[in-house]
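Input: a single structure, listed below in structure tokens.
Laboratory data are not the source of any read-out in this text; all were calculated from the coordinates shown. All values derive from a computational prediction rather than experimental measurement. For neighbour counting, all protein chains shown are included, and Cβ atoms are generated from backbone atoms with ideal geometry for every residue, glycine included.
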Amino acid sequence: MTSYPPLDLTSDVVALTAALIDVRSESRDEQHLADLVEDALGSVPWLTVDRHGNTLVARTQLGRSERVLIGGHLDTVPEHGNLPHRFDGDLLYGLGACDMKGGVAVSLHLAATLAEPLRDVTYVYYECEEIDAGLNGLRRLAEEHPHLLEADLAILMEPSNAGIEAGCQGTLRVEVHAEGTRSHSARSWMGVNAIHGAGEILDRLESYEPRNPTIDGLTYREGLNAVRIEGGVAGNVIPDSCTVTVNYRFAPDRDLEEAVAHVREVFTGFEVKVTDAAPGALPGLDRPATADFVRAVGAEPHPKFGWTDVARFTSLGIPALNFGPGNPAIAHTRDEHVSIEEIRACYSLLAAWLAVEGRDRG
């Protein structure tokens, strides 16, 4: 069994990020990191710590009039020759550096050093974000212990270039099925080629014009794309079946039912089977708690292209934002990295907002 040194949550936040990177925590293998985080948080006197599986919740109980939740996932995608960490100038490289151990380090450092925040804080560190939604630790927490997630605002430390990305797209995967009739390829006129029939599916995708709706001043770009195609029996057989897997990324002004209906309409005449679906999240920039944090950041919010767990908080009636160090465009890549400057900037802003900006709200 791999042995890791204890985490020093009070150490420099960049050094803490490097230490977190070096603890392997690929999805479904987060126990080592969860153990280290639990041990470290357990020694912080102003926190109450609960553990559910490899998901941890640490809370202050100071009786403040507002509570903010700061969350991050402990897991990473599989390793790809990018361990251990390394520094190159102002960049810190390594598995999960961007998505999202830089953000987790910021949150852990806050938890261990901010004894008297002027907002109560719930810190959440959860498992299995990068894989099947049914295993997601935050989902399980929301279903089994929703009281632990109660807050006036949730901030997910997802990589967002140290700026605010509000809301998120919904995502929908479907299988669009083309049917044919099997025959010997030497007598192809006796069959109907399902792969050829799938050409109509691809033609509809090629000519599809996605929406770009503006919500709360943010423009969300939609997309409907083939991501997989399967068909064929053997080199001498006309195939009787072909399936095109299509991913629909839709703006949060559409709910799941509307999104499914839209995709079925696009592929009228074909069998459409929904295989995965998750709703989006409206930006909620008009909510008081959200607007307060946007003012503190002092930069224009951007829409979130992609799905994140802000949607779970939205479903609970809690406004939520993405705010963390790292460029989401390089997440999951072999050269994944995070800017040292962004790590420090996110920590400084959150520390100031929690300790100073809330003073007049007591």
For this session: Only helical DSSP H runs with n ≥ 4 go in: add -39500 (n - 2.57) per run for the chain, normalise by residue count and round the 222 nm mean residue ellipticity to 500 deg cm²/dmol.
Result: -8000 deg cm²/dmol
Problem set entry | Chain lengthening between THR275 and SER315 when straightened (0.36 nm per residue, less Cα-Cα) | 12.3 nm
Exercise. Among PHE267, PHE305, PHE313, what is the fewest-to-most ranking by other Cβ atoms within 10 Å?
Worked result: PHE305, PHE267, PHE313
Seminar exercise, completed: Of the residues HIS52, LEU135, ALA112, the Cα lying farthest along the dipole of region 29-185 towards its positive end, which is defined by charges on the beta carbon of Lys, Arg, Asp and Glu, belongs to ALA112
Exercise. Relative contact order of the chain: what whole-number percent is it, with Cα pairs under 8 angstrom and at least 6 residues apart?
Worked result: 23 percent
Exercise. If r is the Cβ-Cβ distance from TRP46 to LEU83 and R0 is 25 Å, what FRET efficiency results, to the nearest 0.05?
Worked result: 0.15
Exercise. At what distance in nm do the modelled label points of ASP12 and ALA234 sit from each other, each positioned 7 Å from its Cα along Cα→Cβ?
Worked result: 6.6 nm
Seminar exercise, completed: Helix 102-113 sits off the longest principal axis of the Cα atoms of the chain, rounded to the nearest 10 on a 0 to 90 degree scale, by 20 degrees
Exercise. Give or take rounding to whole Å, what are the principal axis extents of the alpha carbon atoms in region 87-192, in descending order?
Worked result: 79, 43, 23
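Given N residues in region 170-278, what is Rg(Cα) / (2.2 N^0.38 Å)?
1.26
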Problem set entry | Cβ crowding within 10 Å averaged over residues, with 235-243, 222-230, 209-217 ranked highest first | 235-243, 222-230, 209-217
